[in-house]
1. Being buried (at least 16 other Cβ atoms within 10 Å of the Cβ) and among the small types (Gly, Ala, Ser) is the filter; apply it to the stretch 89-104 and report the residue that is farthest from ALA247 (Cα to Cα).
2. Restricting to the stretch 147-181, what's the tally of residues that are of a type in the set (A, V, I, L, M) and within 16 Å of the ligand (Cβ to nearest atom)?
3. Hey, can you tell me all the residues within the stretch 231-256 that are away from the ligand (no atom under 11 Å from the Cβ) and either modelled with pLDDT under 95 or among the β-branched types (Val, Ile, Thr) (or both)?
4. In the stretch 288-303, which residues are among the basic types (Lys, Arg) and at pLDDT below 95?
5. If I filter the stretch 296-309 for residues that are out of contact with any Phe, Trp or Tyr (no Cβ under 9 Å at 6 or more places or on another chain), within 22 Å of ALA101 (Cα to Cα) and either among the polar types (S, T, N, Q) or within 15 Å of the ligand (Cβ to nearest atom) (or both), do I get at least one hit?
6. Could you check how many residues of the stretch 220-241 are in contact (Cβ under 8 Å) with a residue 24 or more places away in the chain and of a type in the set (Lys, Arg)?
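The values are calculated or read from the model by the stated rules, or taken from the named source; none is laboratory data. This structure is a prediction, so every number in the text was calculated from the model and none was measured. FYI the Cβ positions are ideal-geometry reconstructions off the backbone, even for glycines, and counts take in every protein chain you see.
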Amino acid sequence: MLADRALRIDGDGILPVSHHPSDDRDAAIHVSVLLSEAIEWLQPQPAQIVVDGTLGAGGHSRALAERIQPDGQVIALDRDPSAIRRASRDLAGLPIRFAQANFCDLAEVLELLQIDRVDAVLLDLGLSSDQLADADRGFSYSCDGPLDLRFDPDEGEPAWRLLAGLQEDRLANLIYEFGEERLSRRIARKIVERRTASPVRTATELADLVWSCYPASARRNRIHPATRTFQALRIAVNDELKSLEIALRRTPDLLKVGGRFAVISFHSLEDRRVKQAFRSDPRLRELTRKPLVAGEAELAANPRARSAKMRVAQRIDAPPDGAMAVGEPVARRPGKRR
Ligand SMILES: C[S@@+](CC[C@H](N)C(=O)[O-])C[C@H]1O[C@@H](n2cnc3c(N)ncnc32)[C@H](O)[C@@H]1O
């Protein structure tokens, strides 16, 4: 599977991440959610090797690196090449290895780095405020940029192309399934009606179209009516739930016994999968019976933390006779692909 996905690792000449002049433009704006909780529960210690599977603006990576240095290492992954470039600039000097990769390919990344198992893995799902604020990528409905929505602009199809080509019923199902949007049929019909004359190409056009499908009373809601449709399209173009499912299946084998695995999710489609995996996987013991959520101070300072839920599990000893009921020990089998 890795063969058709991007994987670039810095340092040691493995595969250098190129520098892009636009990355020097701004400072990162994303504020990490549940930062102190993630540190408290992952318990990073000096000399450990820990993975941040979703680098973003690097807040979690920085906090992890400060605790494992000088002899430990953070392996930081992101699908988005601009996140990698910006964070590698901002976090220079800390013991962090950066890789442009999907977290579901962590086994291959570790294999390239000749790392057997790690002490902790963190996944902070979804998108960052920096991606949201980038007008060229279409994540925010208030930006007039092209409706792209890909984390890695070189992988897969942009969302506008999906809207231009997908059959009406498939579009409706996608918006319903990944956005839990009850007006999905109406929205899909409108997109299809409109596209013969002028297909939806920008984020604002889609936001206006969804808005027009809603009754006036619902438009006064604090949450923009297009939020669920944008979420659905983003999940679809990035195949987000599949990456999460693969990572939940594969990551336990990459953890040392006693190692910790934390996932911060932002909607029920993700949280349900994390909860189910943590409870049913014989390689794991769930440490958080209830998901951890942001406290009042964090909620006041960072509205993005509103929907964040963190669950943490710990790798336990392999069951006797080595029988793994869930997932294959792929990290032990270099060269094997799923
Ligand atoms: C919520 S942000 C992470 C923020 C980060 N924890 C921080 O403190 O700044 C999520 C990041 O994960 C990346 N991402 C999403 N899905 C991914 C995947 N399957 N593999 C690797 N990175 C992913 C996104 O590109 C985005 O930069």
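1. Out of the qualifying residues, it is ALA99.
2. Of all residues in the stretch 147-181, those of a type in the set (A, V, I, L, M) come to 147, 149, 159, 162-164, 166, 171-172, 174-175.
With within 16 Å of the ligand (Cβ to nearest atom) added as a condition, the list becomes 149, 159.
Going through the stretch 147-181 one residue at a time, the tally reaches 2.
3. VAL237, THR251
4. To start, the set of residues in the stretch 288-303 that are among the basic types (Lys, Arg) comprises 289-290.
Matches in the stretch 288-303: ARG289 only.
5. No, the stretch 296-309 contains no residue that is out of contact with any Phe, Trp or Tyr (no Cβ under 9 Å at 6 or more places or on another chain), within 22 Å of ALA101 (Cα to Cα) and either among the polar types (S, T, N, Q) or within 15 Å of the ligand (Cβ to nearest atom) (or both).
6. Residues in the stretch 220-241 being in contact (Cβ under 8 Å) with a residue 24 or more places away in the chain and of a type in the set (Lys, Arg): 2 in total.
Residue-wise test of (1) part of a loop (DSSP other than H, G, I, E, B); (2) modelled with pLDDT of 95 or more; (3) within 10 Å of the ligand (Cβ to nearest atom); (4) under 19 Å from the mean Cα position of the chain (by Cα).
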position	(1), (2), (3), (4)
THR54	yes, yes, yes, yes
ALA57	yes, yes, yes, yes
ALA65	no, yes, no, no
ALA76	no, yes, yes, yes
LEU94	yes, yes, no, no
ARG97	no, yes, no, yes
CYS104	no, yes, yes, yes
GLU108	no, yes, no, yes
ASP119	no, yes, no, no
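Listed here are the residues, each with its yes/no results for (1) of a type in the set (Gly, Ala, Ser); (2) modelled with pLDDT of 95 or more; (3) surrounded by fewer than 17 Cβ atoms within 10 Å (Cβ to Cβ); (4) not assigned by TED's automatic domain parsing to the domain that holds ALA313.
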{"site": "ALA188", "(1), (2), (3), (4)": "yes, yes, no, yes"}
{"site": "ARG220", "(1), (2), (3), (4)": "no, no, yes, yes"}
{"site": "PRO225", "(1), (2), (3), (4)": "no, no, no, yes"}
{"site": "THR229", "(1), (2), (3), (4)": "no, yes, no, yes"}
{"site": "GLY258", "(1), (2), (3), (4)": "yes, yes, yes, no"}
